[in-house]
Amino acid sequence: MSAKVYSAAVVGMDSTIVEVEADIGRSLPNILVVGLPDASVQEARERVRSAIKNSGLKFPATRVTVNLAPGNVKKAGPVYDLPVALAILIASQELKPKIPFEQIMFLGELALDGNLRPITGVLSAALLAKAKNFQAIVVPKANAAEAALVDGLVVYGAGSLMEVVRHLIDEVQFQAIPPTVYDLNSESGPQSSYDFAYVQGQDHVKRAMEIAAAGGHNVRLSGPPGAGKTLLARSLITILPPLTKKEMLEVTKIYSSIGALPENAPLISERPFRSPHHTSSHVALVGGGAIPRAGEVSLAHRGVLFLDELPEFPRHVLEALRQPLEDGTVSIARAAGTMNMPARFMLVAAENPCPCGYSTDPEHPCICTPTQLLQYKRRVSGPLLDRIDLHVSAPRLTVEELSKEPLAEPSSAVRARVASARSIQQERFQGTALFTNSEMSSEQTRRWCPLAPSASSVLHSAVDRLHLSARAYYRVLKLARTIADLAKSESIAPGHIAEALQYRSEDRA
């Protein structure tokens, strides 16, 4: 006799349906698992055997064949333990379900005593179950709150294999987990020890960071050591608006797929801030591996990716950022297929102007030779710099600026202006997949960034003098659109174009 139970396989950020089939033969006792399983799935044979016996159930003393379909999808991880055990029990008629189980998805790792352990990728599987019209999903209790993030899906949290069996034979029914409540309070900012109030001086840099936050633009900060570049970058997260419900699900899905959700926190409610070290490999930065997993650019999705000491990163690592900066996704190609991972983040890069750090500092003499300066500049390619919207210089602070009282404008005040500009963009992009101005394509930029003759004249003159590329031309337009939104202006004025152009220091150089 054979039986079929439904489960799910996490492939990259998404999931696909897996049919767990079990067939009881008449040969010598043996368990055979087919369907492209990896080593961890093959090891499930012994976990399932012990879990069934230690739960007081009878394991068939014959040949058991387990098939994980479709056979062209790599099966990895212990997520199939529970459905394999149920399929074997049903096929051997040790378990005779009294309730329909064909519209229930099962996931979970079994301990040897039959208890269920937490797994990764539950949110992705729950979203798939909802999309495929499954009535319910059974997951380990530790993952129940995560699965309950999906509206309109009945979620059951099980503690052991025996609890699931009793539910299927209608002996003891599960209590459905109530839907998780989203905290969309826009008044309170993220919990952080950083704040713009603690950044004295650097008013023009803080203005650039405000523009970047309002439109989701990329920023490059250059200045001598101790100018406050790192403090400004880490304070940026405090002026960003709160995540929307859709963004929360996107970010949580990424962290769930690699098992990086914080303990006792099934929902990522604050924008991520990632700061990888400059010794990170390109796989760590953009993702990949034999079993592809998310890299730093995906973990920073809808948040901030901070690259401190930008020129110290290997050149080939930085070049890998070109696609995610342009498209907002990372495509990882492997022999088994291509996977797309979301990577819509704000890049904040900080660097010294030269190897010693003092070429722009009037107080410290620079000891770098012209050759060293040239080699240092060549560490970051022009095409990568062309994808950064704002290039800002952070000068040394004077004693008067450092000791100035009172404190500067707090992040809460800046955050209110940013949220107002973002609300204008939400209304503008209603009905599209766009969130911010920086995500507009060239066609959309032409549609939503019309220029008056006077503003067009300023931009055309700058393009001729600065020899701007086509990419830079559209990025200036999008930046000007954000500046106009901050000013609550429907049209883009010459002043907005002029302010956007002043942040193209690389082109002026």
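The values are calculated or read from the model by the stated rules, or taken from the named source; none is laboratory data. Since the structure is predicted, the reported quantities are computational estimates derived from the model, not experimental observations. Here the Cβ positions follow ideal geometry from the backbone for every residue, glycine too, while neighbour counts run over all protein chains shown. Side chains included, ligands, DNA and RNA excluded: accessible areas come from the protein's heavy atoms. Shrake-Rupley method; radii C 1.70, N 1.55, O 1.52, S 1.80 Å.
What the table below lists for this structure:
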| read-out | value |
| --- | --- |
| The stretch 338-364, subset open to solvent by 60 Å² or more (accessible area, probe 1.4 Å) and at pLDDT below 90, residue nearest to H204 (Cα to Cα) | T360 |
| Number of positions in the stretch 359-410 that are in contact with a Lys or Arg (Cβ under 9 Å, 6 or more places away or on another chain), of a type in the set (S, T, Y) and within 18 Å of P225 (Cα to Cα) | 1 |
| Any chance S235 is open to solvent by less than 10 Å² (accessible area, probe 1.4 Å), within 18 Å of A419 (Cα to Cα) and of a type in the set (S, T, N, Q) | yes |
| Counted residues, the stretch 104-117 - those being open to solvent by less than 80 Å² (accessible area, probe 1.4 Å) and either in a loop (DSSP other than H, G, I, E, B) or of a type outside the set (A, V, I, L, M) (or both) | 7 |
| Count of residues meeting criterion [within 30 Å of the chain's Cα centre (by Cα), open to solvent by 40 Å² or more (accessible area, probe 1.4 Å) and among the charged types (D, E, K, R)] in the stretch 452-487 | 1 |
| Residue in the stretch 120-131 that is part of a loop (DSSP other than H, G, I, E, B), open to solvent by 60 Å² or more (accessible area, probe 1.4 Å) and over 20 Å from V251 (Cβ atoms) present | no |
| Residue tally, condition without any contact (Cβ under 8 Å) to a residue 60 or more places away in the chain, open to solvent by less than 20 Å² (accessible area, probe 1.4 Å) and either among the β-branched types (V, I, T) or not assigned by the TED database to the domain that holds P140 (or both), over the stretch 57-90 | 2 |
| Enumeration of residues in the stretch 307-330 that are under 23 Å from N437 (Cα atoms), surrounded by fewer than 22 Cβ atoms within 10 Å (Cβ to Cβ) and of a type outside the set (D, E, K, R) | Q323, L325, G328, T329 |
| Qualifying positions in the stretch 224-254 - among the small types (G, A, S) and more than 25 Å from A480 (Cβ to Cβ) | G226, A227, G228 |
| Test: residue in the stretch 28-50 that is in contact with a strand residue (DSSP E or B) (Cβ under 7 Å, 6 or more places away or on another chain), open to solvent by less than 20 Å² (accessible area, probe 1.4 Å) and over 17 Å from L86 (Cα atoms) | yes |
| Exclusive hit being under 14 Å from A212 (Cα atoms), of a type in the set (K, R), modelled with pLDDT of 95 or more and part of a helix (DSSP H, G or I), set R481, R475 | R481 |
| Count - residues of the stretch 436-451 that are open to solvent by less than 40 Å² (accessible area, probe 1.4 Å) and either in contact with a Pro (Cβ under 6 Å, 6 or more places away or on another chain) or part of a loop (DSSP other than H, G, I, E, B) (or both) | 3 |
